[in-house]
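Right, one structure below, let's go through it.
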Amino acid sequence: MPRFALLLIASLSLPSLVLCADEAALVGYSPRSSQTEREWEAKFRALADPANIREFMRRLSARPHHVGSSYDKDNAQWIRARFEEWGFDAHIETFDVLFPTPKVRLLEMIEPEKFTAKLDEPALAVDPTSNQKSEQLPTYNAYSTDGDVTAPLVFVNYGLPEDYELLDRLGISVKGMIVIAKYYHSWRGVKPKVAAEHGAIGCLIYSEPQDDGYTRDNVFPQGPMRNPEGVQRGSVMDFASSSPGDPLTPGVGATPDAKRLPLSQAKSITKIPVLPISYGDAQPLLARLGGPMAPAEWRGSLPIPYHVGPGPSKVHLKVAFNWDLKPVNDVIAKIPGSSVPGEWIIRGNHHDAWVNGAEDPVSGQSALLEEARALGELLKQGWKPRRTIIYAAWDGEEPMLLGSTEWAETHAEELERHAAVYINSDSNDRGLLNLEGSHSLEQFINGVARDIDDPETKLTVWRRLQLSKIAQAKSAEERKELRQRADLRIGALGSGTDYTAFVDHLGIASLNLGYGSEDEQGIYHSVYDDFYWYTHFSDTDFVYGRAMSQTGGTSVMRLADAEVLPFDFVDFADTVQKYTGELEKLLADRQEAIRERNQELDEGVFQATLDPRRPTLAPPREDVPPHLNFAPLRNAADALARSAEHYRQALSHRQAALGETPAESLRTLNQMLIESERKLTNDDGLPRRPWYKNLLEAPGVYTGYEAKTIPGVREGIEQKRYAEAEQEVERVAKALEEESSLIESAAKTLEPPPR
Ligand SMILES: [Zn+2]
């Protein structure tokens, strides 16, 4: 029985007080429209069916469907046909983007002995799609530059800036060398970037069994983990320091008549050649390294001693690519809004994969399709969303957010005017709901999570998340907050999936949602990420697919139907206070660390502790960072907290009368709310990366996936640009002051005129 039916029975048999306490009116809704909304939402959630999600996955992952492949186009057409069947107004929008595919891939060890890497993922008898050789993209890293290099090898751990500081202490330079780095702990494109900055001439990235292989569980096909031949494909485009999307048309849509840069001027292509390899191919190379032992925390679980090098293994790496333009096919499907068609709620998930991609991205795409099918059912039953709803099945996410970025750049003007919220998802698995997004939507998405049932525990997904956060909390203070704060904190948006252009470039409030955390997996971006793997080792009965449909669809409906967009700024203001505290602490910790290190240098600590058989160098002396003035940020955060509280109260006082509020007043108010994320952007963008306009969050230049919050200030401190950090404090403070005045004005529109 759908939940709304239970509610109707309850309202007949229980005192109305109980009903009220149980079902407080939704934020942004009058009590009456709130009740209607809850009824539609309950109907919607009852419609989502795991069997459909399974069938969508089987169809979409049946063949390899990377950018430019025939099955990619076939999938796009099939998705469009489904949207049309379900009553959406759908079309395919195509862009022509630079998408390199491999022409030559050669990796051999030439000293001290000969070895040629296989660079091949074999077909497995039990796995029926693993043998589609002629359609599979070979293992490679997209947007690696062409190159033919020969040099001694150096092992650089995860290839992050701090790893090179340790190499310096060991007296090892990678200048003129080829480095080999482990996957993970950063966006993969950071590894060749940092290697090139240190003078390396080539970069290998391998999947270490400790990270996603036999150390964790049995390998595929006996278990879910990476087998010795499995390789992680993936983009190494340097998107974080330039921009994602087509490298030839930064900042504008890659339409047929767009002006394109010559390839030589494309900023986001790597400086040195890169190739991903399996641990089967990596082991012989690593086993022939000499030099000092790798620090304990660098070592993996291959049956070899992990040395750093350089050499004696000397390798020859040669890669060359077809630098062709390929079409990306975005499917765009609309339900026009019944009363405010000019306000858009956008919901997207990509459909392209590196190979068959059952997990990434078809698990998310299939849930999104089931969501759309159920919304289509509601339309037939008479549901009329107030706002326009746009469903997007993006193409070209894997190479680096090509389809979503080009669409957002092409439609930037319309989106700036109309787009209220963008909701993203990508892969979906079994376990907890992961919540990330703009903090003005924190209260909203907590509310949605309270209405979704967890398939395994039958708790709400919100409650299960709260309890598991309590279990994982590291301090009494953290646990207290988890128990007492009204909303669970949501993560900041970094990058690595399709919300990037919306939140970072255009300032559209965004959310990123997905389930996961319970199953280990080692098939990411390999030929083995397919229907066989997913139906044996992940959400095998697709009940988390259903939970994802319910979560995504409930969010879309609740945003599309509200009289007042359910933005709230109290959590946002609280988060800004938290970030400001973190920045102050970051600087203080740095000052303290450098002061301490300089003192140890004076005391001779490094000479005294030196082992002459394993010599290391003392770290360099550095100037202690100056004090910075955070007062403008503190003051702006205080003002924000006051206006946020004011707005929340004004809205709640007005709630009962929202139904009688004139449409024009609602329109003005909603326009202000839509503006609230735009206000956090600055046209000049972040220092040295003008495409990134949001001053509150961005992917880190040296992290990629992981967000840097208040990035101008934070990266200023991390990268020792203290004067710049101080200027950025001023810019962020100014944006936050304008945000506060906007929120004040929004609050005023809700107050009765003075008599
Ligand atoms: Zn994906």
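Laboratory data are not the source of any read-out in this text; all were calculated from the coordinates shown. Remember, it's a predicted structure, so these values are computed and weren't measured experimentally. Neighbour counts run over all protein chains shown; Cβ positions are idealised from the backbone, glycine included.
The base-10 log of I(q)/I(0) for the chain, evaluated at q = 0.05, 0.07, 0.08, 0.11 Å⁻¹, reads -0.26, -0.51, -0.67, -1.27 [Debye formula, identical scatterers on Cα atoms, solvent excluded]. Sparsely packed loop sites in region 221-265 (the trypsin sites (Lys or Arg not before Pro) outside DSSP H, G, I, E and B with at most 12 other Cβ atoms within 10 Å) comprise Lys259.
Nearest 5 percent is fine: what portion of the DSSP beta bridges confined to the chain is antiparallel?
60
Write out the GluC sites (Glu not before Pro) in region 473-533 meeting two conditions: DSSP loop, and at most 16 other Cβ atoms within 10 Å of their Cβ. For GluC sites (Glu not before Pro) across region 473-533 that sit outside H, G, I, E and B with at most 16 neighbouring Cβ atoms in 10 Å, the list reads Glu518, Glu520.
For region 522-643, what is the convex hull (Cα atoms) projected area averaged across all directions, in square nanometres?
16.4
Sorting 29-35, 446-452 by average packing, meaning the other beta carbons within 10 Å per residue, from highest down gives 446-452, 29-35.
Each of Arg479, Arg689 was scored by other Cβ atoms within 10 Å of its Cβ. Listed from fewest to most, they are Arg479, Arg689.
If you keep only loop residues by DSSP, which chymotrypsin sites (Phe, Trp or Tyr not before Pro) in region 99-153 have at most 12 other Cβ atoms within 10 Å of their Cβ? When the chymotrypsin sites (Phe, Trp or Tyr not before Pro) of region 99-153 are filtered for loop state and at most 12 Cβ neighbours within 10 Å, nothing remains. Each of Ser313, Ser241, Ser339 was scored by other Cβ atoms within 10 Å of its Cβ. Arranged with the fewest first, they read Ser339, Ser241, Ser313. Straight Cα distances below 20 angstrom link Lys259 to the lysines Lys267, Lys326, with same-chain residues fewer than 8 positions distant left out.
Packing, taken as the mean count of other beta carbons within 10 Å per residue, orders the peptides 609-616, 559-566, 169-176 from highest to lowest as 559-566, 169-176, 609-616. 3J(HN,Hα) couplings calculated from phi for region 738-743 with the Karplus curve 6.51 cos²θ - 1.76 cosθ + 1.60 (θ = phi - 60°) are, in sequence order, 5, 4, 4, 5, 4, 5 Hz; Gly and Pro show x.
Of interest is the spacing of the C-alpha centroids, which for region 378-452 and region 243-266 amounts to 25 Å.
Projecting the Cα atoms of Tyr140, Ala254, Pro273 onto the charge dipole of the chain, computed from C-beta unit charges around the Cα centre, puts Tyr140 farthest toward the positive end. Each residue of region 663-678 was assigned a 3J(HN,Hα) from its phi angle through the Karplus curve 6.51 cos²θ - 1.76 cosθ + 1.60 (θ = phi - 60°); the sequence is 3, 5, 5, 4, 4, 4, 5, 4, 4, 5, 5, 4, 4, 4, 7, 4 Hz, with glycine and proline shown as x. For region 36-184, the tally of Lys pairs with Cα-Cα distances below 26 Å comes to 10, considering only residues 8 or more apart or on different chains. Of all lysines in the structure, the ones whose alpha carbon falls short of 30 Å from that of Lys734, not counting any fewer than 8 places away in one chain, are Lys578, Lys585, Lys679, Lys693, Lys708, Lys720, Lys748. Amide hydrogen proximity for Thr101: with H placed 1.01 Å from N in the peptide plane, the residues at 5 or more positions away or on another chain lying under 5 Å are Asn322, Asp324. Near Leu435, the amide H atoms lying under 5 Å from its own belong to Gly491; only residues 5 or more places off or on other chains count, and H is placed 1.01 Å from N. Backbone geometry of region 622-634 corresponds, through the Karplus equation with coefficients 6.51, -1.76 and 1.60 at θ = phi - 60°, to 3J(HN,Hα) couplings of 10, 6, 5, x, x, 6, 10, 8, 8, 4, x, 5, 4 Hz, x marking Gly and Pro.
Sort Trp298, Trp354 by Cβ crowding within 10 Å, fewest neighbours at the top. Spell out each step's value before the answer.
Working: Trp298 16, Trp354 28.
Lowest count first: Trp298, Trp354.
Taken about its Cα centre, region 515-655 carries a charge dipole of roughly 460 debye when the Cβ of each Lys and Arg holds +1 and the Cβ of each Asp and Glu holds -1. Roughly speaking, what % of Cα-Cα pairs in region 305-360 are separated by over 13 Å, rounded to a whole number? Counting pairs separated by more than 13 Å, the tail of P(r) holds 81 percent. Farthest towards the positive end of the charge dipole of region 258-407, among the residues Pro336, Gly311, Asn349, is the Cα of Gly311, using unit charges on the Cβ of Lys, Arg, Asp and Glu.
When only C-alpha pairs under 8 Å and at least 6 residues apart count, what is the relative contact order of the chain, in percent? It rounds to 17 percent for the chain. Taking the Cα centre of region 209-310 as reference, the dipole from Cβ charges on Lys and Arg (+1) and Asp and Glu (-1) amounts to some 260 debye. Here region 364-461 yields Rg over Rh of 0.98, to two decimals, using C-alpha coordinates and the Kirkwood radius. Rounded to the nearest 20, the size of the Cβ-charge dipole of region 60-130 about its Cα centre is 160 debye, with Lys and Arg at +1 and Asp and Glu at -1.
Putting +1 on Lys and Arg Cβ atoms and -1 on Asp and Glu Cβ atoms, find which of Ser665, Pro632, His646 reaches farthest to the positive end of the dipole of region 606-678. Value computed over the given set: Pro632. For the chain, adding -39500 (n - 2.57) for each run of n ≥ 4 DSSP H residues and dividing by the number of residues yields -12500 deg cm²/dmol at 222 nm.
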